[in-house]
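Down below is the structure, laid out as structure tokens.
Bear in mind that the values in this text are calculations on the coordinates, not laboratory data. From a predicted model like this one, the values you see are computed outputs, not experimental measurements. Glycine gets a Cβ as well: all are built from the backbone with ideal geometry, and neighbour counts include every protein chain shown.
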Amino acid sequence: MADGGASLSTAGHGGVDRFSALHDDLLRHIITLLPIRLASLDRALPGWPQLLAVKRTERLTLRDRFNRSESSSVRLLPAGILRCDSLQLLNLDYWTFPSGAEVLLPHLQALALTRIVISDRDLECLIAACPVLKSLALFVNSSKHVRLRSKSLIGCTLVGPSRVEEFTVTMVDTPLLERFHLFRPLNGVEIRITRAPNLRVLGYLDTRVHKLQTGNSVITSDTMVRASTVVPSVNILGLTVNFGVFAEVKMLVSFLRYFTDVVTLHIESALHDPSVTADERSGENHAKFWQETRPVCCLRSHVKKMVIHNFRGDQNEFEFLKFVAMNAQELQSLLVVSQEGIVSSADKVTEIKDELQCLQFPTGISAVLPKASNLTIDDPFQC
């Protein structure tokens with residue numbers, strides 16, 4: 001439901017409330033799907049949030065499209081929405097969360113919050129008040145510290161605010177959490193894994209802007225791996241790295257050492273970030289580093305499928321693949337994916353294929369293909 005479009009005035013009907021007499025299914029469609037000016041809805045049907053509860057509404061999308069300029073205030077979400085105990089799916093977009101409001105959402109299974117002004121504490125309380133919540137999506141909200149504490153949560157998608165200097169997400173107690181997706185690189189993001197024993201899919205971790213803490217250990221490029229801090233449950237991992245930046249290459253190796261049982265590995269070869277200074281970005285060949293790096297457990301013993309996204313044929317990309325060829329004993333499939341437009345020359349594609357063949361992988365190379373993505377299948381990073 002969104003501002004703009006239709007009016008629900010009762011003019012012409014003597015001010016009589018004819019909405020309550022409608023069949024429940026029809027009323028749900030009118031309230032949930034039609035674009036409405038909220039002010040007119042308030043005039044035509046005072047107490048409409050309570051009516052949603054009375055009519056046992058199960059799915060609700062509530063978007064406020066009015067005054068979306070930077071200077072405009074964000075309308076306060078009607079608190080009654082949070083007490084509609086029949087809701088199973090709730091999508092909220094561009095609202096101010098009523099701080100301290102009572103939340104009663106015992107049947108809610110899917111929650112999406114987009115551009116919501118909400119405090120860290122209110123967000124934590126909201127999640128806790130949804131005892132059967134399975135899917136959580138958070139897009140560019142105002143909270144700076146997301147604490148996930150849920151006995152039912154299975155999947156979480158996060159696009160954090162891009163303007164904050166520090167942003168933290170902590171998996172405090174999520175025994176059933178299987179998937180955690182991060183989209184769009186963010187500055188100063190820290191991911192803390194305290195208790196997520198069933199975390200199976202994680203990505204994309206960005207080697208430049210993401211910090212990772214497992215248990216009490218903060219992972220750096222020089223951190224020594226301890227058995228108590230590895231995350232063996234993850235078997236599908238996505239990482240982003242600029243192979244031309246030495247610090248990112250070292251962090252890539254550190255990340256890989258902590259995810260010991262990865263079976264499917266996706267690596268996005270990042271384009272040059274204009275914010276990276278000349279001193280930070282190194283165009284030198286990193287062959288010596290890869291030659292001196294000791295074997296990585298997951299690459300040596302577990303990875304069966306690897307996908308390199310946005311491959312451009314740079315020498316440092318090939319140096320990494322040489323390391324993989326020498327160490328990935330269980331590798332069965334390597335798919336090198338060039339983003340459409342990056343490798344547009346047929347001669348360049350042929351050159352890349354020839355150089356890949358020279359690496360002498362025991363199982364060969366699958367293909368060099370355009371990039372695509374389908375998040376509906378089991379592997380959310382699959383081409």
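Which order, highest average first, do 56-62, 356-362, 207-213 follow once you tally other Cβ atoms within 10 Å for each residue and take the mean per peptide?
Output ranking for 56-62, 356-362, 207-213: 207-213, 56-62, 356-362.
When the chain is fully extended, how far beyond the present Cα-Cα distance does LEU89 get from VAL132, taking 0.36 nm per residue of separation?
Value of the extension gain: 14.3 nm.
Can you give the FRET efficiency to the nearest 0.05 for GLU190 and ARG121, using r as the Cβ-Cβ distance and R₀ = 30 Å?
For GLU190 and ARG121, the calculated efficiency is 0.95.
How far is the Cα center of the range 121-143 from the Cα center of the range 79-113, in Å?
Value for the Cα centre distance between the two parts: 9 Å.
Tell me, what is the FRET efficiency for ALA227 and LYS322 to the nearest 0.05, using R0 = 41 angstrom and their Cβ-Cβ distance as r?
The calculated FRET efficiency here is 0.90.
Spin-label point model (7 Å from Cα, Cβ direction): what's the ASP173 to ALA247 distance in nm?
Placing both labels 7 Å beyond Cα along the Cβ direction yields 3.8 nm.
If I take R0 = 45 Å and measure r between the Cβ atoms of ARG75 and ASN285 in this structure, what FRET efficiency does the formula 1/(1 + (r/R0)^6) give, to the nearest 0.05?
The pair ARG75/ASN285 has a calculated efficiency of 0.20.
For LYS288, go through the lysines and keep the ones whose alpha-carbon is under 28 Å away, minus same-chain ones fewer than eight residues off.
Straight-distance partners of LYS288: LYS211, LYS250, LYS304, LYS305, LYS322, LYS348, LYS353.
So, in nm, how far is label GLN360 from label PHE183 when the simple model puts each one 7 Å beyond its Cα toward the Cβ?
Inter-label distance under the simple model: 4.4 nm.
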